[in-house]
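One structure below.
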Amino acid sequence: QVQLRESGGRLVRPGDSLTLSCAASGRTFSNYAMGWFRQAPGKEREFVAGISRGGSSTGYADSVKGRFTISRDNAENTVVLQMNSLKPEDTAVYYCAARRSILWNFGTDGYDYWGRGTQVTVSS
C-alpha cells in the first residue's frame, strides 16, 4: 500500500516548462510501477506517462512525446514529470498513480493507488 501526493501545478504561459512531483509514503515504493495521468474539464482521465519499478522502461502518450519526461528516485520515494514546451491543451488536473507490478500500463484501471491531483493551467 502507498499514499501519493502530487505537487508543482500552477498557472504557466504557453512554451513554459513545469515540473510536477509525486511523493509516496511507505517503504515499498520500489515495488510499484508508476504513472502520470491527467483529466481536463469534461474529459476522461487519460494516460500521460509511465515508468517501470526500476525506472528502466518508460512510456508516453503521443500528445506529450518529446516534451514530457517521467523519472523516479526510489531512494527518495518520488516520481517526477518534467514538462516542457507546454501548450494550452495540456491544461488539466494531473494525477500520480501507483501499480503493484514491474511495468506501467496505459489504462486507468491498471493502477491501484491515486493521488488527489494538482492543477496545471497553460494560458496566455
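The values are calculated or read from the model by the stated rules, or taken from the named source; none is laboratory data. Being a predicted model, the structure only gives us computed values, none of them experimental. Positions of Cβ are generated from backbone atoms using ideal geometry, with glycine treated the same way; all protein chains shown enter the neighbour counts. Side chains included, ligands, DNA and RNA excluded: accessible areas come from the protein's heavy atoms. Shrake-Rupley method; radii C 1.70, N 1.55, O 1.52, S 1.80 Å.
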Exercise. Any idea which residue in region 19-74 is modelled with the lowest pLDDT, counting only those that are closer than 20 Å to Gln3 by Cβ and of a type in the set (Phe, Trp, Tyr)?
Worked result: Phe29
For this session: Give the number of residues within region 45-60 that are part of a loop (DSSP other than H, G, I, E, B) and farther than 15 Å from Thr91 by Cβ.
Result: 6
Exercise. What's the number of the condition Phe68 fails, among (1) touching a Gly at 6+ places or on another chain (Cβ under 7 Å); (2) closer than 20 Å to Gly8 by Cα; (3) crowded, with 17+ Cβ neighbours inside 10 Å; (4) of a type outside the set (D, E, K, R)?
Worked result: (1)
Exercise. For region 109-124, what are the residues that are over 24 Å from Asn84 (Cα atoms) and either of a type outside the set (Phe, Trp, Tyr) or free of Cβ contacts under 8 Å to residues at least 24 places away in the same chain (or both)?
Worked result: Asp109, Gly110, Asp112
For this session: Collect the residues in region 65-80 that are touching a residue at least 40 places away in the same chain (Cβ under 8 Å) and assigned to a strand (DSSP E or B), keeping them in residue-number order.
Result: Thr78, Val79, Val80
For this session: Mind listing whichever residues of region 81-114 are outside any loop (DSSP other than H, G, I, E, B), open to solvent by less than 30 Å² (accessible area, probe 1.4 Å) and of a type outside the set (Phe, Trp, Tyr)?
Result: Leu81, Met83, Asp90, Ala92, Cys96, Ala97, Ala98, Gly110
